[in-house]
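Asker: My questions will all concern the structure given below.
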Amino acid sequence: MRQGFLTAPDALIFISLSNNSKGQRLGYRGVYDLIKDLAKVSELEGVYPHRLRHTCATALVMAGMDTMLAKRMVRINSDRVFVRYGDRALDLKMEEEFNEIYGHQENAD
């Protein structure tokens, strides 16, 4: 236990602290509100739970994880849907590798 919360691998990530459901799994609306509140405090726009899923999937593919494993990890069943995540990662990786090859030549001039 750390600060009164379980830290086991199967422990809940988001738990409710309200009087009605204290210690129980925080539902979608609770997570949504939490993320929106954190985004507001951080002065970030366009942040919502699904975007975090998209960011996670993109980061996994960018880090070299097999797309089938990344798809499974973020619990997307459809290949068609996951293509959007993979395409973004491929675009970023392409730009990164292009800059590694040709970016140094631009700086030499």
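Asker: Any idea which of M73, M65 is more than 21 Å from I35 (Cβ to Cβ) and of a type outside the set (S, T, Y)?
Answerer: Numbers: M73 fails: more than 21 Å from I35 (Cβ to Cβ).
Exactly one residue qualifies, and that residue is M65.
Asker: If I ask for residues that are closer than 16 Å to H50 by Cβ and not β-branched (V, I, T), which ones from segment 71-90 would you list?
Answerer: Those that are closer than 16 Å to H50 by Cβ and not β-branched (V, I, T): K71, M73, R75, N77, S78, F82, R84, Y85, R88.
Asker: Is at least one residue of segment 9-18 at pLDDT below 85, among the β-branched types (V, I, T) and in a loop (DSSP other than H, G, I, E, B)?
Answerer: Checked segment 9-18: at least one residue is at pLDDT below 85, among the β-branched types (V, I, T) and in a loop (DSSP other than H, G, I, E, B).
The values are calculated or read from the model by the stated rules, or taken from the named source; none is laboratory data. What you see is a predicted model, and the numbers here were worked out from it, not measured in a lab. Reconstructed Cβ throughout: ideal geometry from the backbone, glycine too, with neighbour counts over all protein chains shown.
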